[in-house]
1. With +1 assigned to the C-beta of every Lys and Arg and -1 to the C-beta of every Asp and Glu, and no other charges, what is the dipole magnitude of the chain about the Cα centre in debye, to the nearest 20?
2. Projecting each Cα onto the charge dipole of the chain (Lys/Arg +1, Asp/Glu -1 at the beta carbon, about the Cα centre), which of Val164, Ala370, Leu333 comes out farthest on the positive side?
3. What whole number of Å gives the distance from the Cα centroid of the range 164-204 to the Cα centroid of the range 227-290?
4. Using a simple charge model, +1 on the beta-carbon of Lys and Arg, -1 on the beta-carbon of Asp and Glu, nothing else, what dipole does the range 104-182 show about its Cα centre, in debye to the nearest 20?
5. At 7 Å along Cα-to-Cβ for each site, give me the label-to-label distance between Phe402 and Lys198 in nm.
6. Can you give me the C-alpha center-to-center distance between the range 349-414 and the range 92-130, rounded to a whole angstrom?
7. Among DSSP beta bridges whose residues both lie in the range 18-158, state the antiparallel percentage, nearest 5.
8. Counting only GluC sites (Glu not before Pro) that sit in a DSSP loop (anything but H, G, I, E, B) with at most 12 other Cβ atoms within 10 Å, what is the longest stretch of the chain containing none of them?
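What follows draws every value from the coordinates through simple rules; no lab data is involved. All values derive from a computational prediction rather than experimental measurement. Quick reminder, even Gly has a Cβ in these numbers, built from the backbone with ideal geometry, and neighbours come from all protein chains shown.
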Amino acid sequence: MILFWIIIPLSPYNQSDTQFDHTMQNFDVIIVGAGLVGRLFAIGLAKHGLAVASIDHEANEDILNATRDGRTTAITLGSKRLFDSYGLWTAIAPHAQPIQHIRVFEGGSPWTLDYDAKDISNDPMGYIVENAIIREALYKSTPDNLTVFAPASLKSLNRTETDVCVQLSSGETLNSPLIIGADGRHSKLRTHTSITIKTNDYDQNALVAHILHEKPHSDTAFEIFQKDGPLAVLPLLPDAETGQHKSGLVWCKPRAFDWATYDDQSLGMMFEKIFPYYGAVTFLPKRWVYPLSYTKVSSMIDNRIALIGDAAHVVHPIAGQGVNLGWRDASILIDELTKAKSLGIDFGCPFLLKRYDNQRKFDRLSVLWATDGISHLYHSQLPPLRFARNAAFAVLNHIKPFKQAVMRRAMGIS
């Protein structure tokens, strides 16, 4: 048990000369960032009885602005169960489109890799939900133990051997044994640590858009590999206004390709040429474009600091795993901190944080390597490599144990 109380020396760059206000508010955990991962993490901890401070630079009403983020998220079965455990799924379920089938192929190839949810269980493999719906469900829930500071940001931070003290731009001073960075790929909290990052710009932008289409999607998600980037076609619930079949697109192309020069009709023609299976399509007017990159951290922890979500890893959207990876971070760290609470253990002790880092290493790195590797693999158009890729699809499609293992991993239940 003595290992739980080991204290590591304070690194010199973590020191701050700031003199903090003596009117300090004490919490079990301070969380910086209240997006899809940070907010769920805060709710989970608070519902387990921890006193939680949640800090975000945006006001809640701005975070809930549906027009700023048109992305959809493929919520895996494992993530759905996490939402359900905190009573959040009820608000999401009416807006969640089940994924019963996934089909993967390379443009121009007759060979496909097909996944069917029934090969695993009676549950769907996951659900496609608009991010705005997920945020709304998260922000409808504010447990008694959760205190929100927004809009606010860190003005200064001081770590000692026993605690973390922060002063906010809004004037409050907070104290806790542990602070969590859930503030995204450009994490400000991460800059206060010795954690180093490796980044890779894919030189691609992803167009996010919604389409209406003539033929039904049959609860099927598609991943089509094109020579200039992958295209994901994701099933959505019927359009609320027209009742028409509806899907979401994540369409990746080189950054030199200017999406803004194409009107909705031109995009529709381009899409139907690649993907003729839904008949006539209509692009809905609102579009979003996001740059794609990769970020790998040297560690998810530092002295009394832990990272979750995009602050700890950024992956290519090729497999729809990014935010689910962050929710798995949250789930593991909630478990560790809940155990620590029951045992009276210091929430920021090195042993606990090391356990968290070790538990997340394989999942984090394997997803990073897999998504990065697949992205590079399909970038090459050498005929022998194209043939090998597609022949592999043809073979693997008939190896049920392989497909089941991949499905369990993708569903977050392995």
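1. Result for the chain is approximately 1080 debye, rounded to the nearest 20.
2. In the chain, that residue is Ala370.
3. Value for the Cα centre distance between the two parts: 35 Å.
4. 420
5. 2.7
6. 17
7. If I count the DSSP bridges inside the range 18-158, around 60 percent turn out antiparallel.
8. Within the chain, the longest run free of exposed GluC sites (Glu not before Pro) spans 242-414.
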